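Readers should treat all values here as calculations from the given coordinates under stated rules, not as data from a laboratory. For clarity, every value in this text was computed on a predicted model and none was experimentally measured. Glycine also receives a Cβ, built like all others from the backbone with ideal geometry; neighbour counts cover every protein chain displayed.
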Amino acid sequence: MTLDWISPADRLRSLPPYVFARLDELKARAREQGLDLIDLGMGNPDGSAPQPVIDSAIAALRNPANHGYPPFEGTANFRRAIADWYLRCYDVPLDSDSEALPLLGSKEGLTHLALAYINPGDLILVPSPAYPPHFRGPLIAGARIHSLILKPENDWLIDLSAIPDEVAREAKILYFNYPSNPTGATAPREFYEEVVAFARHYQILLVHDLCYAELAFDGYQPTSLLEIPGAKEIGVEFHTLSKTYNMAGWRVGFVVGNRHIIQGLRTLKTNLDYGIFSALQTAAETALNLPDSYVQAVQLRYQQRRDFLAQGLTELGWNITKPKATMYLWVQCPPGQSSTDFALSVLQQTGVVLTPGNAFGTGGEGYVRISLIAECDRLGEALRRFKQAGIYYKTEALAAPAD
Ligand SMILES: *Cc1c(COP(=O)(O)O)cnc(C)c1O
């Protein structure tokens, strides 16, 4: 039965249709038919949380002191662990009381930050393609979004010089994310310096998402926004334990940076939630204090998958750019096929799930994202099926000039 006497609030209706819905439907149908799906669509890591983190959570669970409401602002110990981690990784000192706030996953904080700082009608700068909460949060808050279309010829970096002066003057917040989901692009330090200068000039709040801080390869070390002098006066940076530590279901993230901005988010959250279960905050401290060898092993695992899949796809004629970070390959669709058409035809022909690039905004049209969330034997099976179905390889061969 549909309810015709009540309709959702405008803020819900302002959201663009959910591209994943049709994909989910087809996935469900394929599963019903007994098809062996290889799901490389989600950004959901496939491994377990580290054993020391699990042990720490179990021990903390046995302590009744952890069973009550946690403190609104997060436990002092977890906030101190965040500040210590920042000093160790980026040489950036933080005041753990005012400049670090634990979150129920970074998605929660990113979206609530929009509610804490955006009035209906405010102009917000968001790259396209982008991680969906970067534009869906502002849309829920009633923002007008000015999309910064990212282009391959610009290495998927934001082109600040393409932003009209009157837009920059009016803009209130700029969201950005390097290493990037979905493009896998990384940004050099000079880029961060330009963004900080731009934001200071136009008085724009910078919201940087550094959720792939540690999923970097070949010795590459991503830059923190807060390494740039003056950034803390105008910016905040989000992190998550979901990816590096395989803790996506635990819902632990945090934001660091400008104390006034963090205070605004804290005030909103005080009215919405009680934060993370204290036992999990204890486990999160353990995660941030794991030896470097843990992170190195994670990096190696994704690097091997990246190399294996990139090589296999290249042999099939695909045009692959190897990312220096993240857990994604960002791949152009065959000529003439939209993201959705290509992802759906791959699913129907092979049972391999990819994410159509337009799920990340119009700037992602013409691309698909492949997540490195399966072991190499499963990735090899995906490659075998692509070969059998002649996917892309055939298109490329046909498109090759006849000489
Ligand atoms: C996966 C991901 C996150 C993590 O979100 P959580 O809510 O912390 O699980 C944040 N930002 C980006 C860009 C991501 O890809």
Open item on the list: Considering only C-alpha atoms, what is the centroid distance from segment 270-327 to segment 157-204, in Å?
Closed with: 25 Å
- [ ] Quote the Stokes-Einstein diffusion coefficient, in whole µm² s⁻¹, for the chain, based on the Kirkwood radius over alpha carbon pairs, a temperature of 25 °C and a viscosity of 0.890 mPa s.
- [x] 110 µm²/s
Task: Size of electric dipole in segment 171-311: Cβ of Lys, Arg +1 and of Asp, Glu -1, about Cα centre, debye, nearest 20 - done: 400 debye
Task: Net charge contributed by nearby residues that have their C-beta within less than 9 Å of E227 (K/R +1, D/E -1) - done: 0
- [ ] Putting +1 on Lys and Arg Cβ atoms and -1 on Asp and Glu Cβ atoms, find which of G312, L354, Q281 reaches farthest to the positive end of the dipole of segment 266-403.
- [x] Q281
Task: Within the chain: Cβ-based charge dipole about Cα centre, in debye rounded to nearest 20 (Lys, Arg +1; Asp, Glu -1) - done: 700 debye
- [ ] In a Gaussian network model over the chain where Cα atoms closer than 10 Å are linked, find which of E237, E32, E194 has the largest mean-square fluctuation.
- [x] E32
Task: Built amide H within the under 5 Å cut-off of V352, gap 5+ - done: I38
Open item on the list: With 10 angstrom as the radius, rank Y69, Y117 by how many other C-beta atoms surround their C-beta, starting from the fewest.
Closed with: Y69, Y117
Task: Built amide H within the under 5 Å cut-off of I173, gap 5+ - done: L125, L205
Task: Inter-centroid distance (Cα atoms) of segment 10-82 relative to segment 89-148, Å - done: 19 Å
Task: Of K324/K387; K27/K269; K269/K324, pairs whose Cα-Cα distance is over 31 Å - done: K27/K269; K269/K324
Task: Neighbour-count order for D292, D209, D55, fewest beta carbons within 10 angstrom listed first - done: D292, D55, D209
Task: Length added when fully stretched, L15-L61, from 0.36 nm per residue minus Cα-Cα - done: 12.7 nm
- [ ] Would you tally the net charge around V207, using a Cβ to Cβ cut-off of less than 11 Å, leaving V207 out, and scoring K and R as +1, D and E as -1?
- [x] -1
Open item on the list: As a footprinting exposure proxy, order S14, S242 by other Cβ within 10 Å, with the fewest listed first.
Closed with: S14, S242
- [ ] For every other residue with a beta carbon closer than 10 angstrom to the beta carbon of P120, add +1 if it is Lys or Arg and -1 if Asp or Glu, then tell me the sum.
- [x] 0
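Scan segment 345-397 for trypsin sites (Lys or Arg not before Pro) in coil per DSSP, keeping those whose Cβ has at most 15 other Cβ atoms within 10 Å, and list them by number.
Answer by residue number: there is no such site.
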Task: the chain, relative contact order in percent, only Cα pairs under 8 angstrom and at least six apart counted - done: 23 percent
Task: Most mobile of G336, G363, G137 in a GNM of the chain (Cα contacts under 10 Å) - done: G336
